[in-house]
Amino acid sequence: MTEQAFRVLPAVTPENEHFWRGGAEGELRFLRCGDCGTWIHPPQPLCPACLSRSVAPAAASGRATVLTYTVNHQPWYPNLDPPYVVAIVALPEQADLRLTTNLVNVAPEDVTFDMAVRVLFEEYPDPRGSVWLPFFEPDPEATS
Ligand SMILES: [Zn+2]
């Protein structure tokens, strides 16, 4: 087994635990408004669309498209070997639902705008409890 790349792990709180630990069940979870259906990210206690407090975690499809990306060539961290792709992906659930992530299992020169990708999770052990970081890879089931 290769050594796991160094990552700066997020501080997991009750407010964002659904997002960082949803990967344990293979789910990309966001808060969603129970009244109007708006997806909310990053987490906040009020729905920004209708001000409802009826917000709860829900699983998104895990599919996305590449909105924009950059290729990092700088060796910032041990075991995180460049080049690697930092991307903003757009989720189909809602126009403004986006994530900054890494694209994996694809050569940087093969990445394109609007490329169909899907989530995969990598578990990072932490003394305070594992974190599942969401990354994205080319979606072999994409129709377009
Ligand atoms: Zn709402």
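The values are calculated or read from the model by the stated rules, or taken from the named source; none is laboratory data. This is a predicted model, so every value here is computed, not measured. When we count neighbours, we look across all protein chains shown, and the Cβ atoms used for this are built from the backbone with ideal geometry, even at glycine. Please note that ligands, DNA and RNA were not included when accessible areas were found on the heavy atoms of the full protein model with its side chains. Shrake-Rupley method; radii C 1.70, N 1.55, O 1.52, S 1.80 Å.
Annotations
- Close pairs (9 angstrom Cβ cut-off, 6 or more residues apart or separate chains): assigned to a helix (DSSP H, G or I) in segment 20-40, within 16 Å of the ligand (Cβ to nearest atom) and open to solvent by 50 Å² or more (accessible area, probe 1.4 Å) anywhere: 22/57
- Here segment 47-65 is the region considered, the condition is being without any contact (Cβ under 8 Å) to a residue 60 or more places away in the chain and assigned to a strand (DSSP E or B), and the residue that is nearest to residue 95 (Cα to Cα) is 65.
- Whichever residue in segment 18-46 is modelled with pLDDT of 95 or more and farther than 20 Å from residue 90 by Cα and, among such residues, is farthest from the ligand (Cβ to nearest atom): 24
- Pairs where the first residue, in segment 2-15, is under 10 Å from residue 126 (Cβ atoms) and the second is open to solvent by less than 50 Å² (accessible area, probe 1.4 Å) and in a loop (DSSP other than H, G, I, E, B), C-beta under 6 Å, 6+ apart: 9/126
- Neighbours by Cβ (under 7 Å, 6+ apart or cross-chain): first from segment 73-85, hydrophobic (A, V, I, L, M, F, W, C); second surrounded by 12 or more Cβ atoms within 10 Å (Cβ to Cβ): 80/5; 80/6; 85/69; 85/71; 85/102; 85/103; 85/108; 85/111
- Extreme residue, nearest to residue 26 (Cα to Cα), among residues of segment 123-136 that are under 15 Å from the mean Cα position of the chain (by Cα) and open to solvent by 30 Å² or more (accessible area, probe 1.4 Å): 132
- In the set (1) more than 16 Å from the ligand (Cβ to nearest atom); (2) exposed (fewer than 12 other Cβ atoms within 10 Å of the Cβ), the condition left unmet by residue 89 is number (2).
- Hits in segment 106-127 - residues which are small (Gly, Ala, Ser) and either without any contact (Cβ under 8 Å) to a residue 24 or more places away in the chain or part of a loop (DSSP other than H, G, I, E, B) (or both): 107
- Residue within segment 70-81 that is on the phi < 0 side of the Ramachandran plot, part of a loop (DSSP other than H, G, I, E, B) and at pLDDT 95 or above present: no
- Count of residues meeting criterion [part of a loop (DSSP other than H, G, I, E, B) and open to solvent by less than 30 Å² (accessible area, probe 1.4 Å)] in segment 93-105: 1
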